[in-house]
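All remarks here apply to the structure that follows.
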Amino acid sequence: MPLSSYALQALASLTDSEIQFLRELPKAELHAHLNGSIPLEVLQEMAREYVSANSSNVPRLVMSGVETLTQGVEFNELNDFFGLFPAIYALTSSPATVARATRAVLQSFLDGPLRQCTYIELRSTPRATDSMDRLGYLQAVLGEVERYPPDKAAVIVSVDRRMEEPVVDECVSLALKLRQEGRRVVGVDLCGDPLAGDLQRFVKYFQKAKTAGLGVTVHIAETADNPPSETDDLLHAFAPSRLGHATFLDQEAMRIVFEKDIAVEICLTSNLLCKTVKSLEDHHIRFYLERNHAIAICTDDQLPFRTNLVAEYALLLAKRPLGLGLTRDEVKKIAEMSLSRKFPL
Ligand code: 6MZ
């Protein structure tokens, strides 16, 4: 898969031995969205099959979405990013295609030439279509995840901020039911358009998940427009043990994050390409590093962001300004932190 210029330049500045070090470093991917992580070649193949199966009736949206992803996308704002998913979703709308996408994503993280990480918590939003319900969706994902041993892969069930309350209830109930049946669901996540939805409606479902022993992570303060009152609710009422992005936390929110020792899932390339962070020099990771606070380096959506976990770690090791200029020991410690913040099974 072609890489973004951030990833390419950071990798190109490292020696072979440094890249080898990053590849072999045991590390966990804790923030990867299934439908945003499908390898480009697999998505293209799925698009070709879709075209031959639906020759007279291929929505323009599907082909233009795949075309855009193939060419590489320039995002001016987060909304440009969310607009890509309808095309991907058209290609992963049956149990068989969801399973296929999941298998390809897991292989690219855990096997494959790159072997990006030693453990992955893959997150996904259960979807109902004409040919599957939300339970069927999750079973398709879990069927693939459970081919790997428990210390290699697990599932986080995502709830989208744009969902209606009964759907949130259904998603969290499914997560709980499947876990009680011994399936490999370890947590719930709140994701989706950061400015959509009224989160108060979701609180009781997240509390139920937490009480039942599921890990809770929430996308929080992803844009400058997320109000501090919402961030405050997310930190208190949702009681997360991890946070996604956490780009625009104010001082009070930071204080809570430190006090409660809430780990932060950091997605460097994602933030740079979505332009929520100006440069690596400005990235909030620096703040957490200075305070030795728990973080996990993650890819978010490697398909549109043209990255992989080794490239994200290259951004730590590469000298400034191409990277953060950390030492091997510092990078190793960060990788260990990611493994220590897995959700318990
Ligand atoms: C918020 C995001 C996201 O669940 O269909 N998603 N939500 N912020 C982000 N960072 C830029 N990246 C991905 O994977 C795709 C879905 O994950 C959420 C979006 O809701 C997207 O539709 P799944 O597997």
Extension gain from ALA224 to THR68, taking 0.36 nm per residue of separation minus the Cα-Cα distance = 53.5 nm
Three semi-axes of the equivalent ellipsoid, the chain, Cα gyration tensor, whole Å, largest first | 28, 25, 20
Which FRET efficiency value, to the nearest 0.05, do you get for ASN79 and ASP16 by plugging their Cβ-Cβ distance into 1/(1 + (r/R0)^6) with R0 = 35 Å?
-> 0.30
Simple SL model, points at 7 angstrom along Cα→Cβ for GLU181 and LEU199; separation in nm is 3.1
Taking the alpha-carbon centroid of each part, what is the distance from region 108-175 to region 46-73 in angstrom?
-> 24
For GLU281 and GLU146, extending 7 Å from Cα along the Cα-Cβ vector and measuring point to point gives, in nm, a value of 5.1
Going highest first, how would you order 249-258, 28-37 by mean Cβ packing within 10 Å?
-> 28-37, 249-258
Between the alpha carbon centres of region 1-44 and region 281-345 the gap in Å comes to 12
Give, in nm to one decimal, the length gained when the segment between ASP250 and ASN292 is fully stretched (0.36 nm per residue of separation minus the Cα-Cα distance).
-> 13.3 nm
Want the number for PHE258 to TYR89: 0.36 nm per residue separation, take away the alpha-carbon distance, what's left?
-> 57.1 nm
Set the Förster radius R0 to 56 Å, insert the Cβ-Cβ distance between GLU336 and ASN57 as r into 1/(1 + (r/R0)^6), and round the FRET efficiency to 0.05.
-> 0.65
Over 19 Å (Cα to Cα) among LYS27/LYS333; LYS177/LYS208; LYS275/LYS319 -> LYS275/LYS319
For SER5, SER124, ascending order of other Cβ atoms within 10 Å (fewest first) is SER5, SER124
Under a straight-distance cross-link criterion of Cα-Cα below 19 Å, which aspartates and glutamates are reachable from LYS260, leaving out those fewer than 8 residues away in the same chain?
-> ASP189, GLU230, ASP232, ASP233, ASP250, GLU252, GLU290
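No value in this document is a laboratory result; all are computed from the given coordinates. For clarity, every value in this text was computed on a predicted model and none was experimentally measured. Neighbour counts run over all protein chains shown; Cβ positions are idealised from the backbone, glycine included.
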